[in-house]
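Beneath this line is the structure, given in structure tokens, with notes to follow.
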Amino acid sequence: MSGATPSNYQRFSRDEWSRLRAAIPMTLDESDLAELRGINEQLSLDEVADVYLPLSRLLNLYVAATQQLHTVTHAFLGSPVPRVPYVIGVAGSVAVGKSTTARVLQALLARWPDHPRVDLVTTDGFLHPNRILDERGLMGRKGFPESYDLRRLLAFLAAVKGGAPEVAAPVYSHHAYDIVPGEQAVVRSPDVLIVEGLNVLQGGNGPVVSDYFDFSVYVDAEESDVEHWYVERFLTLRDTAFRDETAFFHRFAGLSTDEAVATAKSIWHDINGVNLSENILPTRERAHLIIEKGSDHRVAGVQLRRL
């Protein structure tokens with residue numbers, strides 16, 4: 001939504017997109033949404049029905065078509081058909097709601113009979129540990145391209161796409177604000193793998209993360225709205241998670257509301273806003289599908305890249 005509508009996309013209003021759901025039944029209820037919502041998000045069953053059910057239908061068709069293509073190719077080669085996951089990337093700014101989008105897609109896609117095993121991995125686990133970021137003077141650049149162990153992330157995706165039966169990813173703790181030593185998330189030959197993160201559509205010289213994607217989604221909103229959501233989330237965390245004395249950001253728990261707002265705005269303008277404008281937003285037009293959010297956090301429209 002930020003900037004002009006890309007000409008190589010077909011745009012749908014929310015109502016137009018919702019009609020593409022066809023007769024796909026709702027498979028989530030309010031108790032499911034309670035577990036899927038992000039902090040301060042107002043995800044509703046109506047939004048799931050209008051936006052995410054049509055998207056899950058489209059992805060189900062794409063997964064089936066890709067599986068058929070693999071079958072045909074290996075029939076031509078006279079070789080067995082390997083089990084290769086369909087990989088979906090979900091990108092967008094901090095606080096825009098991409099994690100919720102990824103979780104909702106995971107829940108919906110897992111309910112399709114053709115691909116019941118759907119795993120979700122976030123690129124937070126591929127951030128360098130704080131120790132290394134400290135050594136390199138990058139603690140204030142966390143989330144920027146240079147703060148990730150890109151080689152390890154690419155090796156992970158190459159192994160997944162290569163059909164490895166088990167592939168391990170590091171685990172990140174937002175509570176500790178660091179990689180969890182010795183802990184791993186193991187991906188075991190899923191039908192679909194969703195990879196969510198700030199950096200998943202970023203380019204560069206040589207192999208890039210999106211080379212391994214079959215489909216990608218960018219969650220978009222006006223920067224002023226995303227900043228507002230970030231401040232709201234910071235205030236909520238000040239009153240909840242930050243109050244735990246073991247939390248990395250416990251020092252912010254005692255801030256007054258005015259101090260907390262000023263701190264959040266400072267972090268946004270010095271770090272997250274810069275990262276959005278320099279590294280994340282420029283990748284939007286690499287996505288196959290763009291989800292447009294309005295100031296109320298509701299999805300207003302969808303753009304689908306033309307084939």
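The values are calculated or read from the model by the stated rules, or taken from the named source; none is laboratory data. Model, not experiment: these values are computed from the prediction. Quick reminder, even Gly has a Cβ in these numbers, built from the backbone with ideal geometry, and neighbours come from all protein chains shown.
Scanning for something surrounded by 16 or more Cβ atoms within 10 Å (Cβ to Cβ) and free of Cβ contacts under 8 Å to residues at least 60 places away in the same chain, does the range 274-288 turn up at least one residue? Scanning the range 274-288 turns up no residue that is surrounded by 16 or more Cβ atoms within 10 Å (Cβ to Cβ) and free of Cβ contacts under 8 Å to residues at least 60 places away in the same chain.
If you go through the range 177-225, how many residues are of a type in the set (A, V, I, L, M) and part of a loop (DSSP other than H, G, I, E, B)? Spell out the reasoning first.
So the first thing to find is which residues in the range 177-225 are of a type in the set (A, V, I, L, M), and the list is 179-180, 185-187, 192-195, 198, 200-201, 208-209, 217, 219, 221.
When the remaining residues are screened for being part of a loop (DSSP other than H, G, I, E, B), the result is 198, 200-201, 208, 221.
The qualifying residues number 5.
Does Arg141 qualify as being under 29 Å from Lys293 (Cα atoms), among the basic types (Lys, Arg) and modelled with pLDDT under 95? Reasoning before the result, please.
Numbers: under 29 Å from Lys293 (Cα atoms): yes; among the basic types (Lys, Arg): yes; modelled with pLDDT under 95: no.
Judged against the criteria, Arg141 is not a match.
The residues of the range 169-215 that are of a type in the set (Val, Ile, Thr) and either touching an Asp or Glu at 6+ places or on another chain (Cβ under 9 Å) or surrounded by fewer than 22 Cβ atoms within 10 Å (Cβ to Cβ) (or both), listed by number, are Val171, Ile179, Val180, Val186, Val187, Val192, Ile194, Val208. Can you tell me how many residues in the range 241-271 are among the aromatic types (Phe, Trp, Tyr) and either farther than 19 Å from His175 by Cα or in a helix (DSSP H, G or I) (or both)? Number satisfying all stated conditions: 3.
Take the conditions crowded, with 21+ Cβ neighbours inside 10 Å, within 28 Å of Ser277 (Cβ to Cβ), small (Gly, Ala, Ser) and at pLDDT 95 or above and apply them to Ser224. Does it pass?
Values: crowded, with 21+ Cβ neighbours inside 10 Å: no; within 28 Å of Ser277 (Cβ to Cβ): yes; small (Gly, Ala, Ser): yes; at pLDDT 95 or above: yes.
When the stated conditions are applied, Ser224 does not pass them.
For the range 227-267, a tally of residues being closer than 19 Å to Lys293 by Cα and in contact with a Phe, Trp or Tyr (Cβ under 6 Å, 6 or more places away or on another chain) returns 2.
Within the range 143-168, the set of residues being crowded, with 19+ Cβ neighbours inside 10 Å, in a strand (DSSP E or B) and either touching a residue at least 60 places away in the same chain (Cβ under 8 Å) or not hydroxyl-bearing (Ser, Thr, Tyr) (or both) comprises Val167 only.
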